[in-house]
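The values are calculated or read from the model by the stated rules, or taken from the named source; none is laboratory data. Since we're looking at a predicted model, the values are computed, not measured. Ideal geometry is used to build each Cβ from the backbone, glycine not excepted, and the neighbour counts take in all protein chains shown.
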Amino acid sequence: MGGRWEQTVDARAGELWRLTAAALLSTTGGALIGPTAVWVVSGTYSWPAAAVWMTRNTVSILLISAVWLTCAYAWRTGRKPGWWASVRAGWANTSPLRRGEYIAVVVVSAAAYYGVFGIDHGLPLAFSVLGHGRVAGARLNTRFVVVHDLIFGAAAVLFTLHGTGAFANIGSHPARALVAQAFVGVIAVAGLALAVGRDERRALFQ
């Protein structure tokens, strides 16, 4: 048995798509105000800046909301007070084999993301990290998946903006930021879709 870490989050695939749509619609409303206000002040409307605004805020709302919702569910349904006590209890009740999977995903993801985004090699290797989030989504706890996507996605964007990694050769800074943030969004949606679908399937058989 996987223990409490393997308990499902009370979510459905439709809720994920509604959350994604809400993030996109709210960001669109913000984009109508923010870049437009800049245009009124500066006299120039920047479509790349508007695209970066849309992508960054949509992905941020999606990931941060997913982390908040899943962790709040764990806190609300936990038997022990405090989120750290809940994490420790879940880890203690997780089988050694499944613990090894969690550790392996973290270690391999850290090494892969550093190799792809932390080194200035200019090689198109971003595809090589796509599988990590999908493996986590198909195998591991949904809360772990969203935290994994948030941490490593933020690392990919920060490395890219620092000028290293697979997207560093993109000459335009707005285009570089746009590609990195869209890449994080694709990884997040794919991992979340797999995780929520697995939770939904598991709930049907319980």
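Can you give me the number of residues within the stretch 33-42 that are surrounded by fewer than 14 Cβ atoms within 10 Å (Cβ to Cβ) and closer than 14 Å to residue 58 by Cβ?
From the stretch 33-42, those surrounded by fewer than 14 Cβ atoms within 10 Å (Cβ to Cβ) are 33, 36-37, 40-42; that's our starting set.
Subsequent filtering for residues that are closer than 14 Å to residue 58 by Cβ retains none.
Within the stretch 33-42, residues that are surrounded by fewer than 14 Cβ atoms within 10 Å (Cβ to Cβ) and closer than 14 Å to residue 58 by Cβ number 0.
Between residues in the stretch 166-187 that are without any contact (Cβ under 8 Å) to a residue 40 or more places away in the chain and residues that are crowded, with 18+ Cβ neighbours inside 10 Å and outside any helix (DSSP H, G or I), which pairs lie under 6 Å by C-beta distance while being six or more apart or on different chains?
That search, which allows pairs on different chains as well, returns 176/167; 179/167; 180/167.
Return yes when residue 8 is modelled with pLDDT under 80 and in a loop (DSSP other than H, G, I, E, B) and no when it is not. Before you say what the answer is, go through the steps one by one.
Details: modelled with pLDDT under 80: yes; in a loop (DSSP other than H, G, I, E, B): yes.
The answer is yes for residue 8.
The conditions are (1) over 19 Å from the mean Cα position of the chain (by Cα); (2) at pLDDT below 80, and residue 36 fails exactly one of them. Which is it?
Tallying (1) over 19 Å from the mean Cα position of the chain (by Cα); (2) at pLDDT below 80, residue 36 fails exactly one: (2).
Any chance you could count how many residues in the stretch 37-59 are touching a helix residue (DSSP H, G or I) at 6+ places or on another chain (Cβ under 9 Å), of a type in the set (Ser, Thr, Tyr) and either more than 17 Å from residue 173 (Cα to Cα) or in a loop (DSSP other than H, G, I, E, B) (or both)?
Residues flagged as touching a helix residue (DSSP H, G or I) at 6+ places or on another chain (Cβ under 9 Å), of a type in the set (Ser, Thr, Tyr) and either more than 17 Å from residue 173 (Cα to Cα) or in a loop (DSSP other than H, G, I, E, B) (or both) within the stretch 37-59 amount to 4.
Is at least one residue of the stretch 48-56 modelled with pLDDT under 85 and more than 23 Å from residue 184 (Cα to Cα)?
There is no residue in the stretch 48-56 that is modelled with pLDDT under 85 and more than 23 Å from residue 184 (Cα to Cα).
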